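J.: So that we are looking at the same thing, I have put the structure below in structure tokens.
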Amino acid sequence: EGSDPVISDVLGIKAPRYTQWGMGLDDPDRDLRLIRLVRAVGGTAYLSGPKGPTYMRPDVWQEARMPIKVSRYAWPQYPRGTAPWEWEIGLSIIDALAWLGADDASDLIRHGEVVPWTPSLSAAALPA
């Protein structure tokens, strides 16, 4: 862990950080690598962003008996200065940090919902 702040530090999120290299877990298959990483830290499910399952192989996760859960959130519109901005869906937390500051940006991400992923749950249907 370096001395440079990361977004989780700025947002006040306290959680340990690991790297696959520091844990000695390197697998060329990205799904198997993630499954092994989750298990190595004692996890029982993988929490993905809304579009993560679109590039994951659910059959590999099902065979490994590792559930995929998806964070679902509706990013509210927030003030973005005085310029007439057109609102964009799917902006990153970096944008919210720049316009709102750490406290208000942190409040935004704490109001999401986590749901189990199923094949019928398409990425397009995820944002609430």
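J.: I'd like the full set of residues that are assigned to a loop (DSSP other than H, G, I, E, B) and either at pLDDT 90 or above or open to solvent by 70 Å² or more (accessible area, probe 1.4 Å) (or both), limited to segment 23-40.
T.: Asp26, Pro28
J.: Taking segment 50-71 only, how many residues are surrounded by 15 or more Cβ atoms within 10 Å (Cβ to Cβ) and without any contact (Cβ under 8 Å) to a residue 40 or more places away in the chain?
T.: 6
J.: Let me ask something else about it. In segment 102-118, is there at least one residue being modelled with pLDDT of 85 or more, open to solvent by 70 Å² or more (accessible area, probe 1.4 Å), farther than 24 Å from Asp9 by Cβ and not in a strand (DSSP E or B)?
T.: For segment 102-118, residues modelled with pLDDT of 85 or more, open to solvent by 70 Å² or more (accessible area, probe 1.4 Å), farther than 24 Å from Asp9 by Cβ and not in a strand (DSSP E or B): absent.
The values are calculated or read from the model by the stated rules, or taken from the named source; none is laboratory data. From a predicted model like this one, the values you see are computed outputs, not experimental measurements. FYI the Cβ positions are ideal-geometry reconstructions off the backbone, even for glycines, and counts take in every protein chain you see. Only protein heavy atoms, including side chains, enter the accessible area calculation; ligands, DNA and RNA are left aside. Shrake-Rupley method; radii C 1.70, N 1.55, O 1.52, S 1.80 Å.
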